[in-house]
1. Determine which lysines satisfy two conditions relative to K71: a Cα distance under 21 Å, and not lying fewer than 8 residues away in the same chain.
2. Evaluate the Kirkwood expression for the hydrodynamic radius of the chain, namely the inverse of the mean inverse distance over all pairs of different C-alpha atoms, and round to one decimal in Å.
3. Rolling a 1.4 angstrom probe over the protein heavy atoms, how many square angstrom per residue are accessible across the chain?
4. What FRET efficiency do you get for S191 and Q113 if R0 is 35 Å and r is their Cβ-Cβ distance, rounded to the nearest 0.05?
5. First select every other residue whose beta carbon is under 15 angstrom from the beta carbon of Y126; then total the charges, Lys and Arg +1, Asp and Glu -1.
6. How large is the helix-only mean residue ellipticity at 222 nm for the chain, computed as the sum of -39500 (n - 2.57) over DSSP H runs with n ≥ 4, divided by its residue count, in deg cm²/dmol to the nearest 500?
7. Taking every pair of Cα atoms in segment 1-83, average 1/r, invert it to obtain the Kirkwood radius, and report Rg/Rh to two decimals.
8. With the Cα gyration tensor of segment 100-202 giving a ≥ b ≥ c as the square roots of its eigenvalues, does the rule (a/c under 1.5 for rounded; else a/b larger than b/c for prolate; else oblate) give rounded, prolate or oblate?
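The values are calculated or read from the model by the stated rules, or taken from the named source; none is laboratory data. Since the structure is predicted, the reported quantities are computational estimates derived from the model, not experimental observations. Heads up, the Cβs are rebuilt from the backbone with ideal geometry, glycines too, and the neighbour counts pull from every protein chain shown. Side chains are part of the model used for accessible areas, which takes the heavy atoms of the whole protein and leaves out ligands, DNA and RNA. Shrake-Rupley method; radii C 1.70, N 1.55, O 1.52, S 1.80 Å.
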Amino acid sequence: MKILIRVENETDWFQTELMTKRAFWNLHRSGCDEHYLVHKLRSDPAYVPEISRVAVFEGKVIGTIMYSKAKIITSDAEIGVLTFGPLCVDPEYQRKGVGGQLLNATLPLAREQGWPGIIIFGEPDYYPKFGFRTCENFGITTADGKNFPAFMGYELIDSGLSNSSGRFFEAAVFENLTPEDVDEFDKSFPSMPKLKLPGQWV
């Protein structure tokens, strides 16, 4: 399976959003809002398109990783870091290494740009194999002072996060996804039933 990892073009936008909806629908909650996040993120000042990529197979977008600027606030400083999200793969192509290819293609780009590290909320059974560790290892908490297995960090340089004890904050775009706006945006996509399933986070 030969995958092309490349920069997203405007002509890819709908494909990327539909793929993202398919990847997250009913996964963590009933329905999802990640496809609307993709739409909003592209025009947000925090978005880092020069690192973000899509995975293409036979002309079809089957995966994406979208990076954005975030920060850690310590007792005496504000440290710029990266986060990514969504990182997702169309369900038809999952467990074929596509997500790993997206990560392996973009981590060096983030390192070349001089970022100290990456903080994410992600699957705790997936990301550690790429070198991610829980943020308690770095003395970093969420904005409200919490730590849990899905809250992880990756150092792009030696001790890139180890000297950054503080609270992590994503860009505001991650918080400004109202259910009403998501539902209105979703009208442009094929209808899918919202289900409550075991294992959902919410």
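1. Partners within reach: K40, K146.
2. On the way: mean 1/r = 0.0573 Å⁻¹.
So the Kirkwood estimate lands at 17.4 Å.
3. Numbers: 10250 Å² over 202 residues.
Per residue, the chain has 51 Å² of solvent-accessible surface.
4. On the way: r = 40 Å, r/R0 = 1.14.
Calculated value: 0.30.
5. Numbers: positive: R95, K96, K129, R133; negative: E123, D125.
Summing Lys/Arg as +1 and Asp/Glu as -1 gives +2.
6. Numbers: 4 runs with 43 residues, N = 202.
It comes out at -6500 deg cm²/dmol, rounded to the nearest 500.
7. Values: Rg = 14.8 Å, Rh = 14.1 Å.
My calculation puts Rg/Rh at 1.05.
8. Working: a/c = 1.91, a/b = 1.70, b/c = 1.13.
Taking the square roots of the gyration eigenvalues as a ≥ b ≥ c, segment 100-202 is prolate.
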